[in-house]
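What follows is calculated from the coordinates using simple rules that are stated; it is not laboratory data. A quick note: this is a predicted structure, and the numbers were derived from the prediction, not measured. Note that each Cβ is placed from the backbone with ideal geometry, even for glycine, and that neighbours are counted across all protein chains shown.
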Amino acid sequence: MRFDLTDLRLFLHVVEAGSLTHGAARANLALPSASARLRGMEEASGLKLLERGRGGVSPTAAGEILARRARRILREAEDLRAELQDCASGARGLLRLPANTAAATEFLPEALADWLAGRPGMDVEILERPSAEILRAILDGKADFGVLARSPEAEALRLQPFALDRIALLIPTGHALAKRRGDLALAEALEADFVGLPAEAPLQAHLEERARLAGGRMRVRLRAPGFEALALLAAKGIGAAPMPEAAALRHRRRGLTIRRLSDPWASRELVVAARDFAALPASARALAAHLAGWGASKGGFGSL
């Protein structure tokens, strides 16, 4: 069977849109032409690739296999194009790096600075995502690599240590929680009011789910878009502000106390993860190696 790159792109657009009409539009093809191509793919393979219904289209089991392989083929084709372009014009390109909130806000800016300074033709886009979403994207072939919190599920990937992330609370010094000694469990802190990030922020969603699992909920009086704003609100006595310990140390000011969360899940090892580092495109492989080296220099980590 022969499928060209246009066929594969069209098929992925249709699967992701759940609609032949929308998929054809995304592929910049007329609907009759797109329909003919999809019929030709099914005839060439001898398999039904799409289930068609009044609600749209969805891939069959064979279609799921084709979609997974198509993503890989198209990614490799793009890598080839980029590498050939680099040969002609020097190293240039864009790397998309999915990372959880702590990595994206507290560690990656510093870790990326030196790497980018030495590569003026390279750009990096940090995509803030929950660790579980990054893990799924790498396993499904939708992302080459990423920075996430280590977990038993992540052991399915190849991992390199990057940083230690501890979640802490910034609390007004006069608050009852600040007068307790030692670290606090989240369940103990739920008696207090909180200020927090927007509900859709990965770290905030994670904390609120942990509160639910602990049998309570976080009473968030005000949501703000960044840790500096949360620290200001905490200093005004509006509520306790949860954030990575590195952010708490940076934003601590007079009248605020830091208390770490004692829950096991609140102390996490951040890792650079990929299915196979050796199989990454050259620029991604170089960046992954740099991040692992940066982590080793900052935290004394070695390779896993």
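For a quick check: sort ILE65, ILE138, ILE171, ILE238 by the number of other beta carbons within 10 angstrom, fewest at the front.
Listed from fewest to most nearby Cβ atoms, that is ILE65, ILE238, ILE138, ILE171.
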Using alpha-carbon positions, the gyration tensor of the stretch 214-272 gives root eigenvalues a ≥ b ≥ c; with a/c under 1.5 called rounded, otherwise prolate if a/b exceeds b/c, else oblate, the class is oblate
The summed charge of the VAL147 Cβ neighbourhood (under 14 Å; Lys/Arg +1, Asp/Glu -1) stands at -2
Ranked on Cβ counts within 10 Å of their own Cβ, fewest leading, LEU80, LEU170, LEU97, LEU157 go LEU80, LEU157, LEU97, LEU170
With the dipole of the stretch 6-66 defined by +1 on each Lys or Arg Cβ and -1 on each Asp or Glu Cβ, the option from LEU47, ALA62, ALA24 whose Cα lies farthest towards the positive pole is ALA24
For the chain, longest principal axis from Cα atoms; helix 282-299 axis from its Cα atoms; angle between them, nearest 10 degrees, is 10
Candidate cut points under GluC sites (Glu not before Pro) in the stretch 197-261, DSSP loop plus at most 14 other Cβ atoms within 10 Å of their own Cβ, are GLU200
Relative to the chain, whose Cα atoms define the longest principal axis, helix 61-89 and its Cα axis are tilted in degrees, nearest 10, by 80
Of the residues LEU159, LEU190, LEU207, the Cα lying farthest along the dipole of the stretch 144-213 towards its positive end, which is defined by charges on the beta carbon of Lys, Arg, Asp and Glu, belongs to LEU190
Cα extents of the stretch 5-85 per principal axis, largest first, Å, are 43, 25, 20
Looking only at aspartates and glutamates whose Cα falls under 16 Å of LYS298's and that sit 8 or more positions away or on another chain, we get GLU106, GLU110, ASP114, ASP165, GLU245, GLU269
With Cα coordinates, the longest principal axis of the chain makes an angle with the long axis of helix 31-45, in degrees rounded to 10, of 80
Ranked on Cβ counts within 10 Å of their own Cβ, fewest leading, SER33, SER19 go SER33, SER19
Among trypsin sites (Lys or Arg not before Pro) in the stretch 41-72, those in a DSSP loop whose Cβ has at most 16 other Cβ atoms within 10 Å are LYS48, ARG54
If each part is reduced to its alpha-carbon centroid, the stretch 1-46 and the stretch 252-277 end up apart, in Å, by 45
Projecting the Cα atoms of ALA296, ALA286, ALA231 onto the charge dipole of the stretch 230-304, where Lys and Arg contribute +1 and Asp and Glu -1 at Cβ, the residue farthest towards the positive end is ALA231
To the nearest 20 debye, the chain has a Cα-centred charge dipole, built from +1 on Lys and Arg Cβ and -1 on Asp and Glu Cβ, of 700
